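Take a look at the structure below.
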Amino acid sequence: MQCIGRRLVAAVVVVLAVTACHADERSPSVSMATILLRQANLADDQAAKSLVLKAQALLAGVRRPGPEARELKRVCETYLKAVAVFWPNDRLRGSEQAERLFRDFGPRNPLYLQGLLYQGRHHHWRAVEGNYPQGIAISRKMFETILRHNPGHRIARMYLGRPVQPVPADLESVSDDAPEWAVAAREAMYWTRRMVHWWLDHRQAADGQLGGGWSDDVEFSKTWSFYSLSLNDRKVREALTRIADNIWHCPEVMNGYFSGTPAKWHLVDVEHGAEWMSFSQPQMMLARYGDPRYIERNMQVIRNMGFLSGINPAGHRHFKAYYFSHELLHPRQLYHCDVPENGRHTKPGIYVMWYARHPRVMQWCREWGDAWVDHSLETKRGKPAGAIPSETVYETDPVGGQFRKVVSHRRLSRI
């Protein structure tokens, strides 16, 4: 009898434990967390993250979670980890890692559509920026799946090129006699400024980076001084200061030029080598007018033109190459040509001329500009007069470079 009694007590304990677990499994916290995750699945990414965090907090309070609660906790943790790695300084590596994490989010996953949203972004931008054309079709299927469940999803609609409901601008009303162009320009400024502020509030790191690496970050932010000048926008001015100062003090920068590291200097093409300085430092002479730090930095950058360019036997000033570092020219003869893109290196000098009319910088830039005018007016090698040549060999001065490509490439418009 005593043995039977002990067995009965043990059985009761087991039943109570199972019942307690079952009760926690179906507790209001688990039910509410499930509802929140379903809402997050259909929301935009910012609202979704907030809802997932609330669901995670509810699940953390479940004392003895059963299989369903444990699975929901795993879903929350995976989602939050993937979102966190999606926006690092190295965006490609981060989005690849996030895409791998979201692969396990099948149609039965409560955050399935959120997984498709981030995977679709990854495939789309990998296709846009690299040799991956199939990524467009892959991403379209993902965004179309999202719209089947939520036809009004703004981000998915924008990726598919479909119209979205405009958000009203929060602006004071204007007088009836205000010019139409001024009203339109005012609203355009409002929206572009809001876009800039969104990036600063949600993406800019403490060191100023925006997530695309310094090369792309400066291309993105190179026109933002407009808001500092026209609206005295302190947030933008401080953001541009963080970008300019942290780039200037990067170990990859030496003597005002991107050059790799002191252990190994890199010889890079001027388009990618010059943009670090030319798209960050000159506009600081506008955003922080009169600040000697930025005046001197731009003077230091353009001082390199004395080494990088020279007067050739034909009497023209040209850059000696278009692959170089702060102190080295590329050894291959193929790159010993001047190209219109070298104008990107002269941008700091243009601001120095504007600010101080520096005589040496003015001489260098005038001589370089005159040389390109002369070549543009030439009709050699079948080039029509007025067409800017694609490149000019430094030593011998013929247009067209080593391969005799006479007409300038389309990147001239980006200088």
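Tabulated data for the structure shown
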{"item": "Among LEU42, VAL85, PHE143 the positive-end extreme of the charge dipole of the range 21-159 (Cβ point charges)", "result": "LEU42"}
{"item": "GNM flexibility winner over the chain from SER175, SER376, SER50 (Cα, springs under 10 Å)", "result": "SER175"}
{"item": "Violating pairs (Cα-Cα greater than 31 angstrom) within the set LYS81/LYS141; LYS320/LYS383; LYS73/LYS235; LYS81/LYS235", "result": "LYS73/LYS235"}
{"item": "For the chain: relative contact order, % (alpha-carbon pairs under 8 angstrom, 6 or more apart)", "result": "8 percent"}
{"item": "Cα convex hull of the range 21-159 - mean projected area over all directions, nm²", "result": "8.3 nm²"}
{"item": "Unit charges on C-beta of K, R, D, E only; dipole of the chain, Debye", "result": "1400 debye"}
{"item": "Estimated [θ] at 222 nm from DSSP helical runs (n ≥ 4, -39500 (n - 2.57)) normalised by residues in the chain, nearest 500", "result": "-18500 deg cm²/dmol"}
{"item": "Between the range 200-225 and the range 306-333, the alpha-carbon center distance in angstrom", "result": "31 Å"}
{"item": "Fluctuation leader among ASP233, ASP374, ASP176 - the chain, Gaussian network, Cα springs under 10 angstrom", "result": "ASP176"}
{"item": "Average projection area in nm² (convex hull over Cα atoms of the chain, one quarter of hull surface)", "result": "31.3 nm²"}
{"item": "The range 168-214: radius of gyration and largest Cα-Cα distance (Dmax), Å", "result": "15.3, 46"}
{"item": "Rounded D (µm²/s) - the range 286-356, Kirkwood Rh over Cα pairs, Stokes-Einstein at 4 °C, 1.567 mPa s", "result": "97 µm²/s"}
{"item": "Fluctuation leader among PHE319, PHE307, PHE258 - the chain, Gaussian network, Cα springs under 10 angstrom", "result": "PHE307"}
{"item": "Relative contact order of the range 21-159, defined on C-alpha pairs under 8 angstrom at six or more residues apart (%)", "result": "21 percent"}
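Read-outs: derived from the displayed coordinates by stated rules, not from any lab. Source: prediction; values computed, not measured. Note that each Cβ is placed from the backbone with ideal geometry, even for glycine, and that neighbours are counted across all protein chains shown.
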